[in-house]
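Just below is one structure, and these are the notes that go with it.
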Amino acid sequence: ADRVRLMRVERATGKHEDWLVNWDAVPQHWDFAADGTLLFEAEYHARLLAYAWNGTGEPKPLTQGGTVSAVTPVAGGRVALLRQTLSAASELHVLPQSGGAAARITSFTEEGAARHHTGEVRELLFEGSRGESVQMFIVLPPGHREGTRYPLIKVVHGGPHATSSDVFHFRWSPQAFAAPGYVVALVNFQGSTSWGQDFAQRIQGAWGDRPLGDTMKAVDALVASGLVDEKRMAMAGGSYGGYMASWIEANTDR
């Protein structure tokens, strides 16, 4: 859970200066625009956003929702980036460096997407294992009918210091899990990133305890909502997600 810190190095003297000391997010993939503005990506509440920072105050988010990558300054005071969500694969967008609406300029995935149905994506905050607020995404099966209880599959992210984010994901696609008729839950249990340093590091030394409690609380919330059939539930996960699938199997028969 080590927090990446952004540093300025004066090459002539070797002096180091810590930038954004009080900003509790992790900047990555930074680049300078022509006017000296620093552009970078950072996680925020299960999203990966583009930010601009002029050297004072807090960085300004340029995007809202989704997951961005390849944030690149281009001519005319603009920023080019790739953006995707849980419902849409990545496409190229351009927006003003000062902020504002992003214009989508490619449509590479439209033909393929038109042949497939996607499920509605919802977001839920619930009380975690020790009273904390915990977030999860829920992907409903295509053609979901209100009042019907569906089988549940929990897809647990790896890491553990990572996030089930607002991303299409070709390897662990929540839409692919939902397509056969499942409700898919993506719980960002304690230990996940994008909610600050404390939230990420509080599971160190007890890798399964809080995530187990958060996962079971998420099940309770989903059953209470009427979305899920409690008698038909499964889990999937790789890396730390596989560890948690085994941990939960060993601690409950739900």
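Please give, to one decimal in nm, the separation of the simple spin-label points placed at T72 and R122, each 7 Å out from Cα toward the Cβ.
4.0
Could you sort the peptides 46-54, 169-177, 28-36, 230-238 by per-residue average Cβ neighbour count (10 Å cutoff), highest mean leading?
In decreasing order of mean packing, 46-54, 169-177, 28-36, 230-238 become 46-54, 169-177, 230-238, 28-36.
Using r as the Cβ-Cβ distance of R171 and A12, and R0 as 45 Å, what FRET efficiency do you calculate, to the nearest 0.05? Numbers along the way, then the final one.
Working: r = 45 Å, r/R0 = 1.01.
FRET efficiency, R171 to A12: 0.50.
Express the Stokes-Einstein translational diffusion coefficient of the range 51-147 in µm² s⁻¹, to the nearest whole number, given a Kirkwood radius over alpha-carbon pairs, 37 °C and a viscosity of 0.692 mPa s. It would help to have the intermediate numbers written out before the result.
Numbers: Rh = 16.3 Å.
Value of D from the Cα-based Kirkwood radius: 202 µm²/s.
Apply the Karplus parameterisation 6.51 cos²θ - 1.76 cosθ + 1.60, with θ equal to phi minus 60°, to every residue of the range 59-75 and state each ³J(HN,Hα) to the nearest whole Hz, in sequence, with x for glycine and proline.
x, 9, x, 9, 10, 10, x, x, 10, 9, 7, 6, 5, 9, x, 10, 4
Give me the angle, in degrees from 0 to 90, between the Cα long axis of helix 209-225 and the longest principal axis of the Cα atoms of the chain, rounded to the nearest 10.
Long axis of 209-225 versus the principal axis of the chain: about 60 degrees.
Amide H of L48: which non-local residues (sequence gap of 5 or more, or other chain) have their own amide H closer than 5 Å, using H built in the peptide plane?
Answer set, sorted by chain and number: T67, V68, D166.
What are the ³J(HN,Hα) values, in whole Hz, obtained from phi via the Karplus relation 6.51 cos²θ - 1.76 cosθ + 1.60 with θ = phi - 60°, for each residue of the range 228-234 in sequence order, with x given for Gly and Pro?
Computed from phi, the couplings for the range 228-234 are 10, 8, 5, 8, 9, 9, 9 Hz.
If you put +1 on each Lys and Arg Cβ and -1 on each Asp and Glu Cβ, how big is the dipole of the chain around its Cα centre, in Debye rounded to 20?
That gives the chain a dipole magnitude of about 260 debye.
In what sequence, largest accessible area first, do V167, V183 appear using a 1.4 Å probe?
Result, largest first: V167, V183.
If you work out Rg/Rh (Cα atoms, Kirkwood Rh) from the coordinates, which of (i) 1.08; (ii) 0.95; (iii) 1.01 do you get?
This structure yields the entry labelled (iii).
Helix 240-251: angle to the longest alpha-carbon principal axis of the chain, degrees 0 to 90, nearest 10?
The helix 240-251 is inclined about 30 degrees to the chain.
How high is the relative contact order of the range 59-196, in percent, counting Cα pairs under 8 Å that sit 6 or more residues apart?
On the way: 257 pairs, mean separation 31.0, N = 138.
Relative CO of the range 59-196 lands at 22 percent.
The values are calculated or read from the model by the stated rules, or taken from the named source; none is laboratory data. Because the structure is predicted, anything quoted here is derived from the model rather than measured. Positions of Cβ are generated from backbone atoms using ideal geometry, with glycine treated the same way; all protein chains shown enter the neighbour counts. Areas reflect the complete protein model, heavy atoms only, side chains present, ligands, DNA and RNA absent. Shrake-Rupley method; radii C 1.70, N 1.55, O 1.52, S 1.80 Å.
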